1. Restrict the check to the range 40-58 and report whether at least one residue is aromatic (F, W, Y) and either under 23 Å from L4 (Cβ atoms) or outside the structural domain of Y6 (by TED's automatic domain parsing) (or both).
2. With (1) in a strand (DSSP E or B); (2) touching a residue at least 24 places away in the same chain (Cβ under 8 Å) as the list, and E49 as the residue in question, which single condition is left unmet?
3. What about Q67, is it surrounded by 10 or more Cβ atoms within 10 Å (Cβ to Cβ) and either in contact (Cβ under 8 Å) with a residue 24 or more places away in the chain or outside any strand (DSSP E or B) (or both)?
4. Mind listing just one residue for me: the one in the range 2-20 that is part of a loop (DSSP other than H, G, I, E, B) and touching a residue at least 40 places away in the same chain (Cβ under 8 Å) and, of those, surrounded by the fewest Cβ atoms within 10 Å (Cβ to Cβ)?
5. Which one of the conditions (1) surrounded by 11 or more Cβ atoms within 10 Å (Cβ to Cβ); (2) over 22 Å from R36 (Cβ atoms) does G103 fail to meet, given that it meets all the rest?
6. Check the range 83-93 and report whether any residue there is in a strand (DSSP E or B) and not small (G, A, S).
7. If M78 satisfies every condition in (1) in contact with a Gly (Cβ under 6 Å, 6 or more places away or on another chain); (2) among the hydrophobic types (A, V, I, L, M, F, W, C); (3) not in a strand (DSSP E or B) but one, which is the exception?
Amino acid sequence: MGFLYYVVYNLFRRRKPRLEVYKLVNNAYELHDGDRVWLPEIGLAIGIERGTYLGIPREWLYWYDEQGERFLTPEEQMKQAQQQAQQAQQRAQLLAERLRSLGVDPDSLF
């Protein structure tokens, strides 16, 4: 078909690698296997890793950046944003308490 890459992933394979990435080179596909395979033409790697997606814990396919950092799922992004918001709220409360201990009403500053 002429696709530059094609990927085969099967969680239940035992005799063959669970992840196989084939790249078209000189009209023939070459196998690139491993837990993570770099695809320089698109600036990403594809790999397998245990994680939770849609509440299902298991091994999943993920995308990775040049530094090997996995891109978060939408579920993980939401959880991370909630944690960051919670931490910011806690810092704001601590700052307000500190200002009050110094005799400054934080509500009068705005």
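The values are calculated or read from the model by the stated rules, or taken from the named source; none is laboratory data. Model, not experiment: these values are computed from the prediction. When we count neighbours, we look across all protein chains shown, and the Cβ atoms used for this are built from the backbone with ideal geometry, even at glycine.
1. Here is the first cut: in the range 40-58, the ones aromatic (F, W, Y) are 53.
Applying the additional criterion that residues be either under 23 Å from L4 (Cβ atoms) or outside the structural domain of Y6 (by TED's automatic domain parsing) (or both) yields none.
So far as the range 40-58 goes, no, none of its residues is aromatic (F, W, Y) and either under 23 Å from L4 (Cβ atoms) or outside the structural domain of Y6 (by TED's automatic domain parsing) (or both).
2. (2)
3. Values: surrounded by 10 or more Cβ atoms within 10 Å (Cβ to Cβ): no; either in contact (Cβ under 8 Å) with a residue 24 or more places away in the chain or outside any strand (DSSP E or B) (or both): yes.
The answer is no for Q67.
4. So in the range 2-20, the residues part of a loop (DSSP other than H, G, I, E, B) come out as 2-4, 10-18.
Still in the list and also touching a residue at least 40 places away in the same chain (Cβ under 8 Å): 11, 18.
On the way: L11: 11, R18: 16.
Checking each candidate, the answer is L11.
5. Condition (1) is where G103 drops out.
6. Residues of the range 83-93 in a strand (DSSP E or B): none.
Within the range 83-93, none of the residues are in a strand (DSSP E or B) and not small (G, A, S).
7. Result: M78 fails condition (1) only.
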